Structures are given as structure tokens and as C-alpha cells.
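The values are calculated or read from the model by the stated rules, or taken from the named source; none is laboratory data. Worth saying up front: this structure is predicted, and the values here are computed from it rather than measured. Heads up, the Cβs are rebuilt from the backbone with ideal geometry, glycines too, and the neighbour counts pull from every protein chain shown. Calculation scope for accessible area: heavy atoms of the full protein, side chains included, ligands and nucleic acids excluded. Shrake-Rupley method; radii C 1.70, N 1.55, O 1.52, S 1.80 Å.
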Amino acid sequence: MTGQSHATLRSMAHSAPLDASQKLSKATVGRVLGYARPYRRQLVVMFGVLAVAALASVATPVLAGRVVNAIVDGTDRSVVVVLAAVIAGLAVLTAALSMLERWYSARIGESLILDLRRKVFDHVLGMPIAFSTRTQTGALISRLNNDVIGAQRAFTGTLSGIGSNLIALIVTVVVMATLSWQITLLSLVMVPVFVLPARWFGRKLQAITREQLQLNASMNTTMTERFNVSGAMLVKLFGRAEQENESFGERATRVRDIGVQSALYSRMFFIALTLVAALAQALVYGLGGWLAFGGSLDAGTVVTLALLLAQLYGPLTALSNVRVDVMSALVSFERVFEVLDLPPMVTDKPRARRLPRRLSPTARSISFDDVYFTYPTAQQVSLASLEDVAVLDRDVNQSVLRGLSFIAEPGQVIALVGPSGAGKTTIAQLVPRLYDVTGGVVRVGGIDVRDVTQESLRGNIGVVAQDPHMFHDSIVANLRYAAPDATDPQLWEALERAQIADMARRLPDGLNTVVGERGYRLSGGEKQRLAIARLLLKAPPIVILDEATSHLDSESELAVQRALEAALADRTALVIAHRLSTIRDADQILVVDHGRIAQRGTHPQLLERGGLYHELYAAQFEALAA
Ligand code: ADP
């Protein structure tokens, strides 16, 4: 089996189960009602409107019967005119009510989407960074879009549908029964003949629709994968265009076949329903006419009953499939709740302190005290359905940091060096509380980082990653992300100090040039300098920096070095150092190995001592230093 069809099967297994027999917990229903609570008044009005509309729709057949009687009796012509005028008035009223009902149901549904979307968005931003590392962004976005919209349907479509159909059904049956119990009974006896095929077709159609959605999705995946740059390149370089074409053709053919099938079934469904309704109507004319000849019914009532009967089966069909509609709407709600129920992991304590907006120069220390750390497992931070896997891996993560202690005094630069995978990035992530330690304490300014608010902590810390992220937006917007109130001269000063001003001036649109994933391509060094400018604008007392490892020519090397000097001046800094100049100037070097500090000291001290540092130095820096 090819990888592609594996993926298709996997995604098919994953799509929301719409099994009508599925049990949904009462809790879900309760929560859904909770979301509807703020709109209960609007809901009541909506149902009121529906009830009036149902009455109006029953009144018309009754009046039509009166018209017939008036004609048959041949009494007063004006009665016919008045009745016709009332029928016209009712038609206008029904139109107005229908607009009103739609306004309410749309308003309620869309407001519900708004509430849910904002909640999920906020919740996802509050999730631990581990969640973002595991989750497929596409799956998450689809949760925010498709499922939230599906949940909304429960309110607009399903709820108002059930409401109006139920009201219409009851009113119609009651009115029919008062006119002729025999004919009403006959119509009700016909109900199963009508409802059973409707249910069967409904289920069949739903299965077809689901398959159609899956086939379409799989066709889309193929296109997305092949059309992007890397996919297109792969197809060309391996000369697979023909096979690709063929396999795409197969998928597209299946999409066509299922499309035809779906069209035929919909039509058969429709035909069957109209046929049964027409037959029932014929029965009413037959039996009603018979009774009319017998004198127990008048002509008008026969017409009224026939017209009412036509209104009876529409709601019946709709209601016969209601369970499935409600279920699929609730499944969407559940999928949204599933995301909302993921615990945030890093949270503020109820009485967390606020660090001052800018820590005073003497309070800018960082200390690690016997810190242990293990990355959270997949089960703790993620959902299988968001990773597009059937089950989350059950690996128990190994300890990454094991009893690590050090102090960065205010104003010091601490360099972290060590082999890849030693735990340097992890150390850097614990300071701004992207994760919480599993043992020991991390302190900033002598205070446990878990005792202060995340906002005030992160306000004091500036981070420049190895490959810093820029939003797909102008340079100026990216810079102002750090300092919304920065003036243009301030922006330029930061760019100057970060050694990137010259380059910014040369750009086609200057500071308005769009950068980011699909924007102007900045080199690794330029991106880091821009990130340093962003950091300078934030002017945090504490800096965490992961130096770029990408090879830089000597000019950029010098520029980056100067930018780093600006970034580190007067701040306490933790630098994951790859650059000899940074390491030489550091107040203390920590050699990290297997989650522990293997050696510590200044560059000359460590060189003298030999050991791991000496080895690393020899391997990485001698060539550069030469
Ligand atoms: P360094 O920065 O020194 O190269 P890291 O701190 O990135 O090392 O990684 C230390 C160890 O932690 C590595 O073994 C790595 O595989 C593991 N690790 C890093 N990130 C995660 C994560 N999100 N989940 C699980 N393990 C991780």
C-alpha cells in the first residue's frame, strides 16, 4: 500500500464519526446549553416567531376551503374577495416572519461561533509550547473553522428546524383532526410508509456525502502536496509526472462516480417523497369526496384537508432524520470542547506576584537551583486527532536536565556551550517559563518564576532564537510588535545598533518591506540582527540568546558581533554560544553535557583545565580562530 493511501485511510478513520447510534454524554449537552444561555431571550423570540409562522401556514388552507365553500354556496361575492385579501396578507406576513426568524437564528448562531472561536483561540495561545510542537497546525485550524461552524449549525439549522417542523406538525395535525378525524387517521396511518423510506434514503445519502467529503479531501491533499514548491520539485526531479497524473486521475474519477451516485440518490429520495405525498393526497380526495357526497364533509373542507396534508409530510421527513442532524452537530461541539479541555499546564498562581515592569539593575539575576526537567509526554499536552495519528506515542520521556545549578549575577553574561542535545535550549526555555521545571527552582531576581505572573516575567525577558520568527508583515510592524509606541527615530536607532539599518535602507520598500515566510528573504544573519533590533526596542533587563550557527561571511560576522554587544550591554544574559568572541567575553562559561554542568569557568580557566571544553573548543573553534 502506498504512503498516500495510508494517509487517506488514516484520515478517513479520523473524520468525525457521524454514527447515529453514538451516545453523547449528557455533560456535552449541558455544556452546549451553557453556551446558549446568553441567548435564551433571543431563542424564545425565535420560537415565538416560528409558532406564529406555523399558525399562518395552517390558516391559508383553511381559508382556501372557505373560498371553495363560498363559491359552491354562491352567496356573497365580497366574501371571496375578503378571504383572498386575508390569504394575501398572510403570505406577506409569512414572508416577513421568515426574514425575522432567519435574522434571529443567524444572529444566535453567528454569536455562538464568535464565542467559541475566541475561546478556542485564546485557549490555544495559552497552551504550553509543547502543544504547538506536536500539533498539526492544519488540524487545529480546521477545528477552529469547520467544527465551530458545525457546532453553530446545531443552533441555526437543527434547532430552528426542529422547532419549526415540530410546531408545524402539531398545529397541522390538530387542525386536520378537528376537520375530519377519519382523514386525519388515514394520513397518520400512511406516516410509516412515508417515514421509513425517508429514513433509509437519509442514511444512505449521508453515507454517500461522507464518502464524497473524504474523497474530495484526499484529492485536495494530493493537490496541496504536489503544488507546493518542494512537492512540485520532487515530482519533476524524479520524473514522476505521468504516474502522478494517473493516480490523480483515479482519485478524480472516483469523485465523479460518487458525485453521480449522490445525485441519483438525492433525486430518488425526492421522487419517493413526492410520490408518497401525491398518493396520500389522492386518497384524501377520494375518501374526502366520498364523505362529501355522503354529506358529512363539505367541499371546502376536502380542499383544506388536501392542502394541509401537503404540509404534513415536509416536517415529517425533516424530523425523521433529526437524530442524525443533532448527533453530527453535537459531535462538532465535542471536538471543540476536546481542545478547550486540554489543560494549559503553565498557569499563574491565584496570588501570583507581579515583577516590576523593569527589574532594577541589582535584581536582574537568574539562578537555577538543582533543576530537573523532563519534557511532558504527548498525552499530557496533545490530542491524537490533532496530530493526525491514531494513538499518541506512549514513550516516557527521559530526564533532560538532571540536577543543574548555576547563578547569573546581575549584568553577567553566561555562555552555555556543549554538544548538541545536551540541554542548552531547554535551559533557556525554563527562564521565561515556556515549561515548568519538574524538580528544583528557577529564580529571576531571587523569586521563583512560578510565583510571579507570566506576563510580568516575560515582560522582563527578551529572547532571540537561533532562527527567529518574523510575522508575514512589514518590518516596521514586526518591530512594533515589541514596542507598539516606538517612534520612527527609535526604530531606526534600534536598527542602527543592531547593525541592520543599512540593509533596511537598501530594501525596495524600506521599513515597509514585507518579511516573513513568503515575504522578502532575509539571510540567517540578517534575520537575527532584525530580531536583535526588535529585542532592543523591548529593552528587557534579561536577555536569552541563541546565536545563529549558520555560516556567516566575515563582514556579517562582524556585524552580528556588534549587534550582540548592543544586545548584551547592561543586561543579564544567557547565551547559547557558538561564536568564539561571545565565549571569550563571557563572565562564566557553563559546559553542559547530558543535562548536567560538566565544567564551568572562564575561557582561559577552562582551556587550562582541558577536558570536554578543550575538546569542543578544538573541534569547533580552532579552525575559526586560526
Ligand atoms: P541543545 O539545545 O543542547 O542542543 P536541547 O535542549 O534542545 O539540546 O535538547 C535536549 C534534549 O531534550 C534532547 O535529547 C532532545 O531530544 C530533547 N528534547 C528537546 N525538545 C523536546 C521536546 N519538545 N519534547 C521532548 N524532548 C525534547
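Figures for the structure shown
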{"item": "Point-to-point label distance, T75-R600, nm (Cα→Cβ direction, 7 Å offset)", "result": "10.6"}
{"item": "Degrees separating the helix 322-340 axis from the principal Cα axis of the chain, which is the longest one", "result": "10"}
{"item": "Carbon and sulfur %, accessible surface of segment 33-145 computed with the full protein complex present, 1.4 Å", "result": "65"}
{"item": "Accessible area of the chain divided out per residue, in Å², using a probe of 1.4 angstrom", "result": "52"}
{"item": "Helix 191-227 vs. the chain, principal-axis angle (Cα, 0 to 90°, nearest 10)", "result": "30"}
{"item": "Cross-link reach list, aspartates and glutamates versus K119, counting only Cα pairs under 17 Å and skipping chain neighbours closer than eight places", "result": "E110, D147, E334, E338, D341"}
{"item": "Proximal lysines to K527, defined as alpha-carbon separation beneath 20 angstrom and excluding residues fewer than eight positions away on the same chain", "result": "K538"}
{"item": "Cα-based helix-to-principal-axis angle, 554-568 vs the chain, degrees rounded to 10", "result": "80"}
{"item": "Helix-only mean residue ellipticity at 222 nm for the chain, each DSSP H run of n ≥ 4 adding -39500 (n - 2.57), per residue, nearest 500", "result": "-20000 deg cm²/dmol"}
{"item": "Percent carbon-and-sulfur accessible area, segment 149-295, ignoring ligands, DNA and RNA, probe 1.4 Å", "result": "69"}
{"item": "Cut-off 12 Å, label 7 Å out along Cα→Cβ of K204, residues of segment 259-300 by amide N", "result": "261-273"}
{"item": "Centre separation in Å (Cα based) which lies between segment 42-119 and segment 418-446", "result": "66"}
{"item": "Two-decimal Rg/Rh across the chain, once Rg and the Kirkwood Rh are taken from alpha-carbon atoms", "result": "1.15"}
{"item": "Euclidean distance of C-alpha centroids, segment 469-534 and segment 241-267, integer Å", "result": "48"}
{"item": "Relative packing of 561-571, 601-611, which averages over residues the other C-beta atoms within 10 Å, highest first", "result": "561-571, 601-611"}
{"item": "Share of carbon and sulfur in the accessible heavy-atom surface of segment 554-608 [1.4 Å probe, %]", "result": "44"}
